[in-house]
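Shown next, in structure tokens, is the structure this report addresses.
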Amino acid sequence: MEKHVITLDRLPIGKTGRVAAILHKGLSRRRFLDLGFVPGTLITTYFTSFTGDPTAYRIRGTTIALRKEDSSKILVITE
Amino acid sequence: MKFYKVRDMDFLMDDNFPRPLVALAGNPNTGKSTIFNALTGLKQHTGNWPGKTVSLARGTFYHRNVKFCVVDLPGTYSLLANSLEEQVARNFILFNRPDVMLVITDATCLERNLNLALQIMEITDRIIVCVNLIDEAAKKGIYVDGDVLSKELGVPVVATAARRGIGLFELKEMIFKVYSGKVKPSPRKVNYGEELEKAIGELVPRLENTFSGRINPRWAALSIISGDYSIEDLEELVKIRDESREESAYGYSFFSQLPGNRGLK
């Protein structure tokens, strides 16, 4: 299958991707790294809230909800 | 973002904590308070949510005729001091320099928990990693090899299931051994590469002079280089940072180019 790089907010529910890059800068970049968003990590879109934002993701054994403005700055590789 | 001045945190500044002092750190929901209660016999019930006042639970226990004072730090994912909880935890470890630092980790998601352990290992040597919830992990088919983990990290590892009282005696033994110096942890240090290590090497002597043992100089150097905003409350450190930035002779041409530094001044 072909590999695609998309922003995390476009990863459909139930699909899994691998974190490719974090486009956040400075402190928020560090924050995401602390939360486990390290390049190479598997991430699955879990479910989305009633309004479609925020969305919950499974990453390294926990669920983390992200707003679109944050998830759109994280790149994932899907197959 | 608001920074709380260290001097506002009275409880951090008074060095009234009885010694030997044991501090508990860990991610939220790793059973930190369960361990605290099991050690001290108290019934401390805590929760960690925004708006909740950050407070430190404190208790004591005896082991081998030594009275240990135990402090339960707020649960955090990091020591970056993004939030008040993180700042309290970091400042406590930095300034009160516990005799034994206990990092509680969740065996079911160890990977995530070790990030904090690593950050604490950069501040203090006297550290024990406690792998808690091994009963929960076993249910999921996860078994943690404490010996291998201990070797990898360079610090003692104790496996516990605090709710069932498993491993607590071993934990107390290890606390005693680290306190008395029978076991000397030597945490594995992260090598940040030639360029950064050189910068660290140049900053460390200077930081040692200023803080004369009050703060781990390597940690302070790393904070300066990484452009850590959270050191804004440490006036002496900020002063050294600004000085070293101005001294081009120091060879920090890359210094001003680090992304974290841009918004600092």
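Give the average, rounded to an integer, of partner chain Cβ atoms located within 10 angstrom of each Cβ in A:34-45. If you can, show how the numbers build up before the last one.
Working: counts 11, 4, 5, 0, 2, 0, 0, 1, 0, 0, 0, 0.
Per-residue shielding by partner chains comes out at 2.
If I model a spin label at residue B:208 and residue A:47 as a point 7 Å from the Cα along the Cα→Cβ vector, what separation in nanometres do I get?
5.6 nm
At a 10 Å Cβ-Cβ cut-off, how would you order A:78, B:30, fewest neighbours first?
Values: A:78 17, B:30 27.
Least crowded to most crowded, the residues run A:78, B:30.
Over the whole of B:70-77, what's the average partner chain Cβ count within 10 Å per residue? Rounded to a whole number, please. Provide the component values of the computation, followed by the final result.
Numbers: counts 0, 0, 0, 0, 0, 0, 1, 5.
The shielding value for this peptide is 1.
Do any of B:139/B:184; A:68/B:239; B:67/B:139; B:32/B:151; A:25/A:68; A:73/B:32 go past 27 Å between their Cα atoms, and which?
Numbers: B:139/B:184 33 Å; A:68/B:239 38 Å; B:67/B:139 36 Å; B:32/B:151 23 Å; A:25/A:68 16 Å; A:73/B:32 33 Å.
In this structure, B:139/B:184; A:68/B:239; B:67/B:139; A:73/B:32 exceed 27 Å between Cα atoms.
For the stretch B:6-180, just run the numbers: alpha carbon Rg, then divide by 2.2 N^0.38 Å, N being how many residues it has.
Details: Rg = 15.0 Å, N = 175, 2.2 N^0.38 = 15.7 Å.
Normalised Rg, Cα atoms only: 0.96.
Within straight cross-link reach of residue B:177, meaning Cα distance under 19 Å, which aspartates and glutamates are found once same-chain residues fewer than 8 apart are removed?
Within the straight-line cut-off, residue B:177 pairs with B:99, B:125, B:147.
Can you sort A:60, A:10, B:188 so the residue with the fewest Cβ neighbours within 10 Å comes first? Display every interim value, and only then the final one.
Numbers: A:60 18, A:10 15, B:188 12.
Listing A:60, A:10, B:188 from fewest to most nearby Cβ atoms yields B:188, A:10, A:60.
Which of A:28, B:33, B:186, B:244 has the fewest other C-beta atoms within 10 Å, and how do the rest follow up to the most? Provide the component values of the computation, followed by the final result.
Values: A:28 13, B:33 23, B:186 10, B:244 20.
Listing A:28, B:33, B:186, B:244 from fewest to most nearby Cβ atoms yields B:186, A:28, B:244, B:33.
Tell me, rounded to the nearest percent, the portion of alpha carbon pairs in the stretch A:4-78 spaced more than 20 Å apart.
When all Cα pairs of the stretch A:4-78 are counted, 17 percent exceed 20 Å.
If the chain between residue B:235 and residue B:139 were fully stretched, how many nm would it gain, using 0.36 nm times the residue separation less the Cα-Cα distance?
On the way: separation 96, 0.36 × 96 = 34.56 nm, distance 4.87 nm.
Here the answer is 29.7 nm.
Please give the average number of partner chain Cβ atoms lying within 10 Å of the Cβ of each residue in A:22-30, rounded to a whole number.
Working: counts 0, 0, 1, 4, 10, 10, 1, 2, 8.
Counting other chains' Cβ atoms within 10 Å and averaging over A:22-30 gives 4.
Bear in mind that the values in this text are calculations on the coordinates, not laboratory data. It should be emphasised that the depicted structure is a prediction, and the values quoted were computed from it without experimental measurement. So basically every Cβ, Gly included, is an ideal-geometry build from the backbone, and we count neighbours across all protein chains shown.
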